[in-house]
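Beneath this line is the structure, given in structure tokens, with notes to follow.
The values are calculated or read from the model by the stated rules, or taken from the named source; none is laboratory data. Predicted model, so just to flag it, every value in this text is computed and none were measured. Neighbour counts run over all protein chains shown; Cβ positions are idealised from the backbone, glycine included. Note: areas computed on protein heavy atoms with side chains; ligands, DNA, RNA excluded. Shrake-Rupley method; radii C 1.70, N 1.55, O 1.52, S 1.80 Å.
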Amino acid sequence: MNSFEFFAPTSVDEALDLIVSKGEDAKIVAGGTGLVNMMKQRLVNPEALISLGAVRGLDGLEISDGKVRIGALCNHQALVKSAEVGQMLPLLAETYSKVATVRIRNFATVGGGLVHGDPNQDPQVSLLALNADVSLRSKSGTRTLPLKDFMVDYYETAIRPDELLIDALVPVLPNNAGYAYLKFLPRTADDYATVSAAAVTVLEDGVLKDVRVAFGSAAPTARRCQETERMLTGQRPTPEALRAAAEKAKDLADPVSDGRGSAAYKKEMVGVFVRRALEKALERAGGAVNGR
Amino acid sequence: MSTTVIGTRAPRVEGVEKVTGAALYSADVLLPGMVWGKSLRSPYPYARIKRLNTSKARALPGVLAVITGSDIRNVLVGRRLRDQHILAADVVRFMGERVAAVAAEDKDVADAALELIEVEYEELEPLLDPLKAMDADAPLLHPDLRSYKGLPPTLPEHLRNVHAYSRIERGDLAAGFASADEIVEGTYSTAMVHQAYIEPHAAAVSVDAEGRVHVWAAQKQPFGLREMLAEALDLPLEMVVYEYSRVGGEFGGKGALMDVPLCYYLSKACGRPVRMVMTYTEEFLAANPRHPSYVQLKTGVKRDGTITAHEVKIIFDSGAYGAFKPVPGVDLGGARKAGGAYRVPASSIESFIVYTNHVPGGFMRAPGDPQVLFALESHVDEIAHKLGMDPLEFRRKNILRQGDANATGEVWADLRAREVLDAAIASSNYGQPKPRPHIGRGMAITNRHIGGGDSQALLRIDAGGRVTVVTGTPDAGQGSHTIQRQIVADVLTIPETQVDVVARGTDEAVYDGGIGGGKTTHVTGRAIMMAAEQAVAELRGWAAELRGWPEDGVVLEHGLFSSPGEAGEPVSLQLAAAEAVRRKCAPLEFHTTYSKGKVEQECFGAQVAEVEVDPETGQITVLQMTTAHDSGKLINPMAAEGQVEGGVVQGLGFALMEEMILEDGKVANPNFGEYKIPTIADIPPLREAWVEDAPGPLPYGGRNVSEHSLIITGGAIGNAVRDAVGVRITSTPVTAEKVFAALQAKRQASA
Ligand SMILES: Cc1cc2nc3c(=O)[nH]c(=O)nc-3n(C[C@H](O)[C@H](O)[C@H](O)COP(=O)(O)OP(=O)(O)OC[C@H]3O[C@@H](n4cnc5c(N)ncnc54)[C@H](O)[C@@H]3O)c2cc1C
């Protein structure tokens, strides 16, 4: 690791000033779990680090207008432990609980995780299915983006160099919604997903009123499966319908081969796990898949 | 003898020190003026070094020395076969080979200096497939092979790129095959895996004013290290001192010199003590992992299951150097196990250890055995299936009975093979109804020698009666110091807390062959036991003298000498020791030697794996692992369970997930983010069964339990998967994807 200057601003404004004055040579650091590894491998060699650790007011969890506002500095484990999140967005608690180990979760922040932008991460998959937005602030103001537009490519997001991610906004699910996040870990419990899938389902009179599906680890970013959703919306969730819709998700898969599986295998598994996530969500929505 | 210490779950001597972080490892050594060493490693698997320029690195402030292969061109090192330069001389033969080294004031400067070293390489076509490396037209990776010290003299001339070869033949193979009703063939392979100890290799060297070389190193054989180093540096033995430090796990992988000679040369070049600590990436790129293997088997059987002939060809990928194998044959043990625990009347077993441009392979827990047993025990199940027999029935029919010779002609005393197999089956769910579909159960069995060797013990009792074992045996985590303490406490009839075990370096401790080969409890344990018995004999004499008792009638109980029927207060060990020290004017020291060559008995291990396979994804969930051993009397059941369960976990890694992925000569996953080992969340319930009626040479009559549990896990898992979903995976790791692909192929074939 190369040597660097270290700054610890205590407010968002101070942090924004530093980002501008230190420019391209500086990097923001939150939990450090993603960045420091990259620095150790010399993939990034910042001359200055601007730590958000001492910035106040960025780690809150706030619920208003049917949305949960999660501060960028909120750490993964805090979300897992939060009673409100467990009650209002159990899908998020379930998802964040599957990230790495408790040692990582205690440091990794929600904002750091989103800006990190590794397609193998877990949270993005469920946040996509939850229609989350992120808000970004620079000295010229705040903008809010849907997560799907925020994610751009491998380790690439729409954040600008002069911006800070301030929070994520997640609409609360209706009480009768079913949900599931499945992380496929064929090697060991401590790994990134070979593939993952999230589903949200709302049933009315046995018909799918709302279906949202996303998968991870099988494309440059987590992906929302619109065609799958379209095929199921307004339909009865028969095994055949679910299978056909899940198969469709495979068209969106564009994985790379690595130690967790070949590209071909991951693509097949997208079909399996999208379907299983839907099945589990439906089960939780009180409507086990017809015919089972 | 008291029975309160032996057979109890005595806690670890060094446990508190380790969990509190107080234990000192080689990387913790800090000496005045000490500097950091780092090595520059080859980015190519095979290349000629055309030009090497170190001037920029030397000019960097904080850099104290830079050395290259030309500085130590004439030194070749190796645990047996000396075929490796400390720094590559003209040619690099694997990606990660050391090319130059620097000593600098701190680690960052050392790293920066490495980047300033200019090397121009001429890339050569690497040999990455050991099978092709043996072809008649393959280029020779070591044209000077015949000149290397330590080359087995029996190596046939015609073999190419092979540095060790063995052939074991027995009986009339052709007749055996001719009389068979069925001939079953199979080919299997296993991946390169790392020992995955927590502590990476670390070393520190300091040369004192007299020129004595002090070495701290993660090392399993301190006395062996001293010898190897003295020989490599051409120094008299007494000029090298190994200074004791704890070992953070080794699993067979810490017996080589590794960075020690480099620390020495850097230290000589800059006049300061030098320390080198490998990063874990360096561990993966350039330590000494388990050899990948290719095993071909062909077996003739009668319809009733009788084996008539067995032919095996084993090819181990040795990587670029043979330097990490310590045995005279420079080979691996696997070949001797290739006939299994079965009666085989006619056999031919060939083993080739082949140079390639991969990371050189080294020793890892039961070297060669997990590879060969994965192949063999998978093959045995396939034979049973071909004959329509239950794999258990087939094994019971062929398993060695007292007096039988195995495939290599060995016959053992007090055989417990059948008992061990039965114990594993009885403790497992084998044969029980299955609660759900896609559950499978598979077994495997192996035999392994009970290690022999030489060990010396030094037991000291001071004027205050404090009992101290001064040991030169490292304890890499298996609990050898704890066992030593229990033995001494038992013989002296005192609580084990009254015995200290202190580990010391080669200047203070007496000779010990180090740990490994399933021998430590046996040879070191015996030496220590003898020392404790001598202590009792001597102290009994002093006690008798103090009280005027006839010595013959004196007994020792609970640390007190007494003479039933005689007058006089009992004499404590302390009192007798104080008297002895006072009268002799010297502390009491008992120095013993124990040696044992080949042991008459062989020990066996059998295992049953129970798995559930998800037919849609291929995912394997291990439900339970049951392991049986003919351990004989257990000195410390907790230590035995730890050893066996640790083995099962390591075996599960080998069976299910571990693989150093080799791409064009490069290790593609050189970190624990990508090279996966089991975590606690992956471990299924583990059961052990002990066959305690099994006489052996260990203190109190037992046998070793060191390695079997990981040797057979690959086979047991492969067989369980086969039982669950009907597909045979012929390579490790047995991954979900391989099972998925095999299931798809099977569906297509039947469609
Ligand atoms: C061993 C290990 C295992 C892991 N396993 C998993 C896993 O199973 N699943 C999973 O999903 N993830 C996993 N991760 C990834 C982990 O989730 C991320 O490293 C983590 O979320 C990053 O958060 P952080 O707070 O540590 O970010 P940092 O490392 O501090 O920063 C990451 C990036 O975000 C930028 N940044 C941080 N905060 C802000 C902000 N507020 N505004 C703008 N930019 C910002 C930084 O400049 C940097 O580029 C693992 C990581 C490790 C080290």
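Things to note:
- Considering region A:190-247, the residues that are of a type outside the set (Lys, Arg), in a strand (DSSP E or B) and more than 17 Å from the chain's Cα centre (by Cα) include one that is farthest from B:MET657 (Cα to Cα), namely A:GLU204.
- Here the condition is being under 30 Å from B:LYS738 (Cβ atoms), within 14 Å of chain B (Cβ to nearest Cβ) and polar (S, T, N, Q); of A:THR221, A:THR188, it holds for A:THR188 alone.
- Region A:69-87 residues that are surrounded by fewer than 15 Cβ atoms within 10 Å (Cβ to Cβ), paired with ones that are β-branched (Val, Ile, Thr) (beta carbon under 7 Å, 6 or more apart): A:GLU84/A:ILE63
- Scan of region B:402-418 for residues that are surrounded by fewer than 18 Cβ atoms within 10 Å (Cβ to Cβ) and either under 20 Å from B:GLU692 (Cβ atoms) or free of Cβ contacts under 8 Å to residues at least 40 places away in the same chain (or both), ordered by number: B:GLN402, B:GLY403, B:VAL411, B:ALA413, B:ASP414
- Criterion: within 12 Å of the ligand (Cβ to nearest atom), open to solvent by less than 50 Å² (accessible area, probe 1.4 Å), outside the structural domain of A:PRO161 (by TED's automatic domain parsing) and modelled with pLDDT under 95 - qualifying residue of A:VAL44, A:VAL29: A:VAL44
- Within region B:649-665, the presence of at least one residue that is closer than 24 Å to A:VAL195 by Cβ, part of a strand (DSSP E or B) and within 14 Å of chain A (Cβ to nearest Cβ) is confirmed.
- Selection within region B:678-712 - in contact with an Asp or Glu (Cβ under 6 Å, 6 or more places away or on another chain) and within 14 Å of chain A (Cβ to nearest Cβ): B:THR679
- One residue from B:ARG365, B:ARG272 being of a type in the set (Lys, Arg) and out of contact with any strand residue (DSSP E or B) (no Cβ under 6 Å at 6 or more places or on another chain): B:ARG365
- The strands (runs of 3 or more DSSP E) falling completely within region A:121-177 that include 2 or more residues that are more than 30 Å from A:VAL256 (Cβ to Cβ) and away from the ligand (no atom under 11 Å from the Cβ) map to A:141-146, A:164-171.
- Residue, nearest to B:THR281 (Cα to Cα), within region B:152-195, restricted to residues that are of a type in the set (Lys, Arg) and assigned to a strand (DSSP E or B): B:ARG167
- Conditions (1) more than 16 Å from B:SER351 (Cα to Cα); (2) touching a helix residue (DSSP H, G or I) at 6+ places or on another chain (Cβ under 7 Å); number of the one not met by B:ALA209: (2)
- Of all residues in region A:73-80, one or more are within 14 Å of the ligand (Cβ to nearest atom), in a loop (DSSP other than H, G, I, E, B) and either modelled with pLDDT of 95 or more or hydrophobic (A, V, I, L, M, F, W, C) (or both).
- Residues of region A:191-218 that are within 14 Å of chain B (Cβ to nearest Cβ) and open to solvent by 10 Å² or more (accessible area, probe 1.4 Å): A:ASP191, A:TYR192.
- Scanning region B:39-53 for residues that are in a loop (DSSP other than H, G, I, E, B) and either hydrophobic (A, V, I, L, M, F, W, C) or touching an Asp or Glu at 6+ places or on another chain (Cβ under 8 Å) (or both) returns B:SER42, B:TYR44, B:PRO45, B:TYR46.
- Residue check, B:ALA218 closer than 16 Å to B:ASP475 by Cα and either of a type in the set (S, T, N, Q) or in contact with a helix residue (DSSP H, G or I) (Cβ under 7 Å, 6 or more places away or on another chain) (or both): yes
- With respect to being assigned to a loop (DSSP other than H, G, I, E, B) and on the phi < 0 side of the Ramachandran plot, B:ASP500 falls outside the description.
- Annotation note: Cβ proximity below 8 Å between a residue of region B:11-24 that is open to solvent by 60 Å² or more (accessible area, probe 1.4 Å) and a residue that is assigned to a loop (DSSP other than H, G, I, E, B) (sequence gap 6+ or interchain) occurs for B:ARG12/B:GLY479; B:VAL16/B:ALA22; B:GLU17/B:ALA23; B:LEU24/B:SER245.
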